[in-house]
Amino acid sequence: MRHTFFCIDGHTAGNPVRLVAGGAPLLKGASMSERRQDFLARFDWIRTGLCFEPRGHDMMSGGFLYPPVDPANDIGILFIETSGCLPMCGHGTIGIITFGLEHGLIQPAVPGRLKVEVPAGTIDIAYATQGAKVTSVRITNVPSYVAARGIAVDIEGIGSLSVDVSYGGNYYAIVEPQGAYTGLDDLGAARIIELSNRVRAAVREKFEPVHPLDPTIRGVSHVLWTDKPKHEGADGRNAVFYGDKAIDRSPCGTGTSARLAHLAAQGKLAVGDSFVHESYICSRFTGRVEQAVTLGDQPAIIPSIEGSAVATGFNTIWIDREDPFWSGFQV
Ligand code: PYC
């Protein structure tokens, strides 16, 4: 049996986005969070088939558009990635909104604005266009907060580290320069990946964050290594590790949100302050602290992230059950 998926492929700040414009399964659930659980239970083979080799690669990431659960909103997004079905994905949202608008898949009730349901909550979008092109997308993200401070881990290959955990739509282990970690370029990509797997495993042994309002969102999934900026005009640089072998080519929307929450909690950013974040490859998002709020009983912020995406082509993908690698593989 052959399943056909019509995709618009592209990238946001260098990281891949595969918008699955045709072939999404019908999902049950009274929220995008419940639909995410239904997808994981019944359709995860679509994610692995589209994201893993031979149809994808270590960094592959994307999502589906759904009608919103609440008709007051414009659309819903379900994210897929090599690491799973994320509660929220910033670079994915920027790409999916850009490609969806440019190809008429999203019809905004108010031009320039969208209300979007994602598993982590409802986000606001403001976008700019030039002719038929979407030139920028700003996401006003879900409440973001620091979940833990000063988790001590001893990591083979780099030694003792003190790690904080911050939420920006996913939970991030945040590693700042300290001890033997002197900066991203001193480590290099291969070591960042090797060490990140160890850091994530060590933090997971000590602490499991759980979202104050949605217990299905739990656990540290990503590691964010911070660094000073590399180029003029930027305020900081990062390497965000996800899946088992990926470094985000973009500055990572949820990672930037988590970093803004972390900096705001230390008094280093205030409401209204901007932060230009460079990725590992030095592409950029502009983050801003929009508002101070509470999440459950936690002090939190509402961050926004602005960036742009480029579609690179249409891709009609088959998943054929007679293919020995129909559901994908990882090495
Ligand atoms: O942009 O939020 C993001 C993201 C998550 C994982 C990769 N990118």
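Summary of computed values
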{"item": "Residue among S250, S257 that alone is hydroxyl-bearing (S, T, Y), surrounded by 20 or more Cβ atoms within 10 Å (Cβ to Cβ) and closer than 17 Å to Y167 by Cα", "result": "S257"}
{"item": "Residue selected from the range 271-298 under the condition in a loop (DSSP other than H, G, I, E, B) and β-branched (V, I, T), by the criterion nearest to the ligand (Cβ to nearest atom)", "result": "I281"}
{"item": "In the range 152-175, the residues that are surrounded by 15 or more Cβ atoms within 10 Å (Cβ to Cβ) and away from the ligand (no atom under 16 Å from the Cβ)", "result": "V153, I155, I158, L161, V163, D164, V175"}
{"item": "Those residues of the range 92-113 which are farther than 22 Å from S274 by Cα and either more than 16 Å from the ligand (Cβ to nearest atom) or not in a helix (DSSP H, G or I) (or both), in sequence order", "result": "G100, L101, E102, H103, G104, L105, I106, Q107, P108, A109, V110, P111"}
{"item": "Tabulated pairs, the range 249-270, first near the ligand (Cβ under 9 Å from one of its atoms), second part of a helix (DSSP H, G or I), C-beta under 6 angstrom, 6+ apart or interchain", "result": "S250/H91; G253/G90; G253/H91; T254/G90"}
{"item": "Count of the range 88-115 residues which are among the β-branched types (V, I, T) and over 15 Å from the mean Cα position of the chain (by Cα)", "result": "3"}
{"item": "Residue within the range 220-232 that is part of a loop (DSSP other than H, G, I, E, B) and on the phi > 0 side of the Ramachandran plot present", "result": "no"}
{"item": "Tally of residues being in a loop (DSSP other than H, G, I, E, B) and crowded, with 17+ Cβ neighbours inside 10 Å across the range 44-63", "result": "6"}
{"item": "Hits in the range 126-150 - residues which are of a type outside the set (S, T, Y), touching a helix residue (DSSP H, G or I) at 6+ places or on another chain (Cβ under 6 Å) and assigned to a strand (DSSP E or B)", "result": "V134, V137, I139, V146"}
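Taken together, the values in this text are just the output of simple stated rules run on the coordinates, not laboratory data. Note that the coordinates shown come from a computational prediction; the quantities given were computed from them, not determined experimentally. Backbone-built Cβ (ideal geometry, glycine too); neighbour counts: all protein chains shown.
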